[in-house]
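Readers should treat all values here as calculations from the given coordinates under stated rules, not as data from a laboratory. Quantities reported herein were computed from a predicted structural model and do not represent experimental measurements. Neighbour counts run over all protein chains shown; Cβ positions are idealised from the backbone, glycine included.
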Amino acid sequence: MLSVITVPVQPFDDQKPGTSGLRKSVKQFAEPHYLETFVQALFDCLPDRLGQTLVLGGDGRFHNDVAIQTILKMAAANGFGRVIVGQGGILSTPAASHLIRLNGVFGGIILSASHNPGGPDGDFGIKFNGANGGPATETVTDAVFERSKVLSHYVTLDAGDVDLSAKGVGQLGDMAVEIVDPVTDYADLMETLFDFTAIAEMIRGGFRFRFDGMHAVTGPYAREVFGKRLGVPSAELLNCDPLPDFGGGHPDPNLVHAKHLFDAAMGPDGPDLCAASDGDGDRNLIIGKQCFVSPSDSLALIAANAHLAPGYTAGLAGVGRSMPTSGAVDRVAAAKGLTAHETPTGWKFFGNLLDAGVITLCGEESAGTGSSHVREKDGLWAILMWLNILAVRQEPVQAIMVDHWLTYGRTYYARHDYEGVAKDGAEALMAVLESRLDTLPGMGSEAGVIERADVFSYHDPIDGSVSNNQGIRLFFEGGARLVFRLSGTGTVGATVRVYLETYETPGGALDRSVNEALQDLAAAAGSIAGISHHLGRSTPDVVT
């Protein structure tokens with residue numbers, strides 16, 4: 001009989017989850033009792049946990065294996081009846097969401113810091129997803145934070161590690177541990193949503209598709225879905241072996257960290273479509289031959305064409321986008337008679353809308369796109385949707401985008417990230433800007449006259465909850481917009497994100513470079529917010 005051990009602890013005061021759970025450096029998570037305190041605080045806030053089933057897995061980053069063993073022993077000591085674990089501890093975030101929903105279980109714990117760097121000097125993260133497969137609500141995460149600040153002890157099982165290498169069911173004390181194939185159920189779901197026959201025929205016909213797994217979690221999924229089921233040559237599936245440090249790279253699928261894909265697509269003999277996903281598999285990068293597709297444009301294009309995929313022939317119930325995401329999808333929704341919902345950043349805000357059936361498609365500007373098939377954004381799903389659209393329309397990406405802009409107009413859009421800045425400076429920038437909201441309307445700038453300014457607050461139409469202070473918005477005469485936000489996904493210093501967008505009608509100038517179209521807005525952002533003064537930076541670290 002294995003015994004339960006009670007371990008006394010001093011509580012921590014920095015375990016407040018952000019938009020995607022608790023993210024800190026590996027070194028901080030490796031501190032004695034740090035992970036255990038957060039997990040116990042979480043379990044204490046789940047009063048109905050006894051005998052329940054959890055899904056558990058992560059993106060394979062450094063410390064993933066250690067954390068899984070810790071959580072398994074604590075789950076057994078806290079009375080869970082069963083834990084379903086991805087073989088080798090691997091589960092992409094959308095695959096974990098699907099497993100929760102497929103098995104009808106209590107919830108799941110996902111170990112990931114998403115697009116943040118890995119390795120012993122990198123980052124780690126943990127979050128809880130509820131029975132709907134989606135991230136925990138703010139009510140739950142706030143309760144976990146409050147509990148973590150007063151926790152006096154945690155409980156664990158006095159047991160050895162569980163062998164995660166082979167599929168099967170074993171016991172850990174009174175708790176069953178089921179090791180499952182992390183890929184097959186997810187791949188089977190994708191086959192129900194997309195026309196794999198048409199996509200495979202397109203690939204056999206000479207369509208060149210290149211995918212970069214970035215040495216992150218989606219490598220095994222890509223080999224199964226793109227390689228085995230769709231016939232993409234293995235030479236076009238790059239970096240598909242998950243590594244604890246992501247091969248020394250940065251698993252963020254953007255034009256900085258996946259520049260080689262951009263260079264290939266822009267070359268004279270480049271692939272027809274280049275794509276990538278991030279550390280935990282929930283983000284995507286789409287680049288056609290001679291045509292980068294921004295995440296906001298991708299969401300709008302998918303909304304306009306989703307009916308071409310078998311899983312969406314009935315049409316969309318509605319669409320959702322995060323507030324900083326451009327309004328491009330709103331114009332598609334208006335043309336199709338669909339309701340468009342604007343939510344704060346964080347996938348959990350889409351959960352209520354998806355569960356209530358009022359939206360089918362949703363997305364964020366940070367390369368996250370998804371639908372009602374799971375309750376997370378889904379990188380491979382978005383890539384498959386593009387492949388399905390291309391297979392049906394039989395046109396190159398660039399032609400499809402131009403046709404879209406000629407129909408709906410073009411929203412020129414970019415995000416400027418100021419990363420690792422001093423927290424005091426970042427908070428001062430936001431505070432000063434907020435203090436001027438009443439005086440900004442009517443003021444002239446490099447981008448024209450400011451029409452109105454506000455702090456975005458969200459009133460959930462399903463449960464009535466209110467989320468305040470979700471970002472500062474400046475609207476200009478003529479339809480341009482600036483948004484300023486402090487990001488909740490970084491682990492060092494602070495990150496200020498500035499979002500810039502301006503709209504061009506279908507009959508306007510649709511072929512300008514993004515930099516040219518947004519240069520006046522960028523100048524206005526710097527002068528209005530005092531970016532150089534507060535952040536000590538004259539240019540952003542990353543532009544996407």
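Helix 64-77 and the longest principal axis of the Cα set of the chain meet at an angle near 50°.
Round to the nearest 0.05 the FRET efficiency obtained for Ala30 and Glu342 when R0 = 30 Å and r is the Cβ-Cβ distance. Before the final figure, lay out the partial values.
Values: r = 39 Å, r/R0 = 1.31.
With a Förster radius of 30 Å, E is 0.15.
For a test of the definition: using alpha carbon positions, the gyration tensor, and the 1.5 limit on a/c, classify segment 25-116 as rounded, prolate or oblate. Verdict is oblate for segment 25-116. Relative to its residue count, segment 268-378 spans a Cα convex hull of 107 Å³ per residue. With the cut-off at 1.5 for a/c, could you classify the chain from its C-alpha gyration tensor as rounded, prolate or oblate? Oblate, since a/c reaches 1.5 and b/c is not below a/b.
Rounded to a whole number of µm²/s, how large is the Stokes-Einstein D of segment 20-78 at 37 °C and 0.692 mPa s, given Rh as the Kirkwood radius over C-alpha pairs? Let's see the in-between values first.
Details: Rh = 12.4 Å.
After rounding, the answer is 265 µm²/s.
Taking amide H as placed 1.01 Å from N in the peptide plane, the amide H of Val542 sits under 5 Å from that of Asp417, Glu419, each at least 5 places away or on another chain. At the listed q of 0.16 Å⁻¹, the Debye profile of segment 325-466, built from one uniform point per Cα, gives log10 I(q)/I(0) equal to -1.17.
Quick one: net charge of Lys377's neighbours, Cβ under 9 Å, K/R +1, D/E -1? If you can, show how the numbers build up before the last one.
Numbers: positive: Arg283; negative: Asp282, Glu364, Glu376, Asp378.
That sum, taken over residues with Cβ under 9 Å, equals -3.
The label-point distance for Gln171 and Leu406, in a model that sets each label 7 Å from Cα toward Cβ, rounds to 6.9 nm. Once both labels are positioned 7 Å from their Cα atoms along Cα-to-Cβ, the gap between Val455 and Lys228 label points is 5.2 nm. For segment 1-155, the share of alpha carbon pairs falling in successive 5 Å distance bins from zero is 2, 10, 20, 24, 24, 14, 6, 1, 0 percent. Apply the Debye scattering formula to segment 319-399, with a single equal point scatterer on each alpha-carbon and no solvent, then give log10 I(q)/I(0) at q = 0.18 Å⁻¹. Debye intensities relative to I(0), on a log10 scale: -0.78. What the Cα atoms of segment 236-276 give is an Rg and a Dmax of 11.2, 35 Å.
Taking Rh as the Kirkwood radius computed over C-alpha pairs, what is the Stokes-Einstein D of segment 172-218 at 10 °C in a medium of viscosity 1.306 mPa s, expressed in µm² per second? Don't skip to the answer; put the middle values down first.
On the way: Rh = 14.1 Å.
So the translational diffusion coefficient is about 113 µm²/s.
In segment 417-544, the C-alpha radius of gyration followed by the widest Cα-Cα span (Dmax) gives 15.4, 45 angstrom. If you sort the three axes of the alpha carbon gyration tensor as a ≥ b ≥ c, you get a/c under 1.5 for segment 195-325, which makes it rounded.
For segment 276-332, compute Rg over Rh where Rg is the Cα radius of gyration and Rh is the Kirkwood radius from the inverse mean 1/r over Cα pairs. If you can, show how the numbers build up before the last one.
On the way: Rg = 12.5 Å, Rh = 12.7 Å.
When Rh is taken as the Kirkwood radius, the ratio is 0.98.
Backbone amide hydrogens, once placed in the peptide plane, bring Gly60 within less than 5 Å of Leu91, excluding anything fewer than 5 places away on its chain.
How do the peptides 356-362, 368-374 rank, highest first, by the average count of neighbouring beta carbon atoms within 10 Å per residue? Could the numbers behind the result be given before it?
On the way: 356-362: 20.0, 368-374: 24.7.
Descending mean neighbour count gives 368-374, 356-362.
Here the peptides 470-476, 71-77, 140-146 are ranked by packing, the mean other Cβ count within 10 Å, and the order with the highest first is 71-77, 470-476, 140-146. Size descriptors for segment 445-520, from the alpha-carbon set: Rg then Dmax equal 15.7, 45 Å.
Return the tail of the calculated pair distribution for segment 382-459, meaning the percent of Cα-Cα pairs more than 15 Å apart.
Values: 2306 of 3003 pairs.
Pairs farther apart than 15 Å: 77 percent.
Relative protection proxy for 81-89, 151-159, 253-261, 318-326, from highest mean packing down: 318-326, 81-89, 253-261, 151-159 (other beta-carbon atoms within 10 angstrom). For a bin width of 5 Å, list the pair-distance distribution of segment 144-271 built from all Cα-Cα distances, rounded to whole %. The calculated distribution, bin by bin, is 2, 8, 12, 14, 14, 13, 11, 9, 7, 5, 3, 1, 0. Applying 1/(1 + (r/R0)^6) with r as the Cβ-Cβ distance of Asp163 and Leu255 and R0 = 51 angstrom yields a FRET efficiency of 0.80. With the helix formula -39500 (n - 2.57) applied to DSSP H stretches of n ≥ 4, the chain reaches a computed 222 nm mean residue ellipticity of -9500 deg cm²/dmol.
Please give the FRET efficiency for Ser513 paired with Asn103, using the beta carbon to beta carbon distance and R0 = 60 Å, rounded to the nearest 0.05. The partial results should precede the final answer.
On the way: r = 48 Å, r/R0 = 0.80.
After rounding, the FRET efficiency stands at 0.80.
For segment 211-282, what log10 I(q)/I(0) values come out of the Debye formula at q = 0.12, 0.24 1/Å, with one point per alpha carbon and no solvent? Debye curve over Cα of segment 211-282, log10 I(q)/I(0) at q = 0.12, 0.24 Å⁻¹: -0.29, -1.08.
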